[in-house]
1. List every residue pair whose Cβ atoms lie under 6 Å apart, where the two residues are 6 or more positions apart in sequence or sit on different chains, the first residue falls within segment 1-18 and is within 18 Å of GLY112 (Cβ to Cβ), and the second residue, located anywhere, is assigned to a helix (DSSP H, G or I) and among the aliphatic types (A, V, I, L, M).
2. Taking the condition of being under 13 Å from the mean Cα position of the chain (by Cα) and either over 19 Å from GLY41 (Cβ atoms) or not hydrophobic (A, V, I, L, M, F, W, C) (or both), how many residues in segment 96-119 meet it?
3. For segment 38-136, give me every one of the strands (runs of 3 or more DSSP E) that falls completely inside it and has 2 or more residues that are at pLDDT 70 or above and surrounded by 13 or more Cβ atoms within 10 Å (Cβ to Cβ).
Amino acid sequence: MIYCLTGTRDGMSSAQQLGLKEILHGCYPENATLHHGGCRGADTEAHTTVACLATRIIRPGDWQRHAYWAKRGDYHELLEPRPYLDRNKDIVRACDMLIAAPRTLTEELRSGTWATIRYARKQGVAVIILDPGAKS
């Protein structure tokens, strides 16, 4: 099973982090793969959360200034760098289930996370949207 994550560079809320842990601990099968975009924020947080669970972790090469991931080395497959929107479509095409951590449950037009959710739905990919919860 290939789980893919999309989320904001602002990171996940506490409610989303808890929801992600519950989903992955509850249904993460053996030989599962996590595929994420390799950006700061939600991708980094998800990576850290599931690094001990995933058999394989896939992420794209660094695009523009996000050289942080190249130094980490705790992934199993590094893909070629791609522009963000192209990379997000590649991630959707590779996954069995998309887990999304948007900033809000209200769909936003100028949001890479929501664009990825819309694309996944058009492709018939299962999508779980993590509720960000109440703002503090």
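1. CYS4/ILE91; LEU5/ALA46; GLY7/ALA42; THR8/ALA42; GLY11/ALA42; MET12/ALA42
2. 6
3. 97-101, 126-129
The values are calculated or read from the model by the stated rules, or taken from the named source; none is laboratory data. Every value quoted in this text rests on a predicted model; they were computed, and no experiment measured them. Ideal geometry is used to build each Cβ from the backbone, glycine not excepted, and the neighbour counts take in all protein chains shown.
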